[in-house]
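Every number in this text was worked out from the coordinates using simple rules, so none of it is lab data. Note that the structure is predicted; figures quoted are calculated from it, not measured. Using ideal geometry, Cβ is built from the backbone for each residue, glycine included, and neighbour counts are taken over all protein chains shown.
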Amino acid sequence: MSRIGKKPVVIPKGVEVRFDPPELSVKGPKGNLSARIPEGIGLEIADGEIRVTRPDDGRRSRSLHGTTRSVVQNLVTGVTEGFRKELEIKGVGYRANLQGSTLVMNLGFSHPVEYPVPKDVTIEVKDQRIVSVSGIDRQRVGQVAAEIRAVKPPEPYKGTGIQYVGEHIVRKEGKSGAR
């Protein structure tokens with residue numbers, strides 16, 4: 001039995017859950033989310049909990065059991081608390097500004113890089129160095145943060161670029177370090 005899959009997902013107060021196979025809909029204070037539940041995986045909603053069940057111990061069922069439970073937990077967490085990723089911009093003269101619904105970043109290129117802010121996420125810029133991406137859909141927040149980071153990933157020699165807050169970049173020595 002999957003250690004993650006057998007844990008129940010607690011439904012907090014103010015959250016409404018509906019399961020019309022194969023669609024699970026979760027409605028909460030921050031919004032609505034839905035996900036398709038894979039065929040063969042069952043959900044039992046009772047006593048303020050959601051339990052994920054599997055029909056057998058087949059390879060496919062076992063692999064989807066814990067994954068489905070994590071997806072359900074992310075839906076419930078998203079509509080109650082939301083998700084946030086923070087990016088840090090490092091480098092001399094590197095900065096970001098929010099102009100309307102566009103994130104404008106100066107990253108040492110010959111031109112400023114513009115990133116249009118998607119409707120389903122919120123982007124905030126703190127002191128031109130910290131970019132905060134938040135929203136209710138965990139996958140979407142992570143995807144937008146990864147797209148912003150991909151504009152100028154951290155480079156290993158000087159450590160400049162865009163990195164997640166708390167991310168450790170393995171630094172390399174330059175040519176002179178080989179002697």
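For the reader, a short list of remarks on this structure follows.
- Shape of segment 9-80, Cα gyration tensor, a/c cut at 1.5: prolate
- Along the chain, the exposed loop sites are GluC sites (Glu not before Pro) outside DSSP states H, G, I, E and B with at most 13 other Cβ atoms within 10 Å, and the longest stretch free of them is 82-166.
- Trypsin sites (Lys or Arg not before Pro) restricted to DSSP loop in segment 13-105 with at most 16 other C-beta within 10 Å: 13, 30
- Here the chain is treated with +1 on each Lys and Arg Cβ and -1 on each Asp and Glu Cβ, and its dipole about the Cα centre works out to around 700 debye.
- Checking the cross-link pairs 119/158; 6/126; 13/152; 7/27; 30/90 against a 30 Å limit on the alpha carbon distance flags 119/158; 6/126; 13/152; 30/90 as lying beyond it.
- Cα gyration tensor shape for segment 64-179, rounded if a/c is under 1.5, else prolate or oblate: oblate
- Geometric extent, Cα atoms of segment 1-123 - Rg, Dmax (angstrom): 19.9, 59
- Three-way shape label, segment 85-128, alpha-carbon gyration tensor, a/c 1.5: oblate
- Chymotrypsin sites (Phe, Trp or Tyr not before Pro) lying in DSSP loop within segment 71-122, provided at most 14 other Cβ fall within 10 Å: 109
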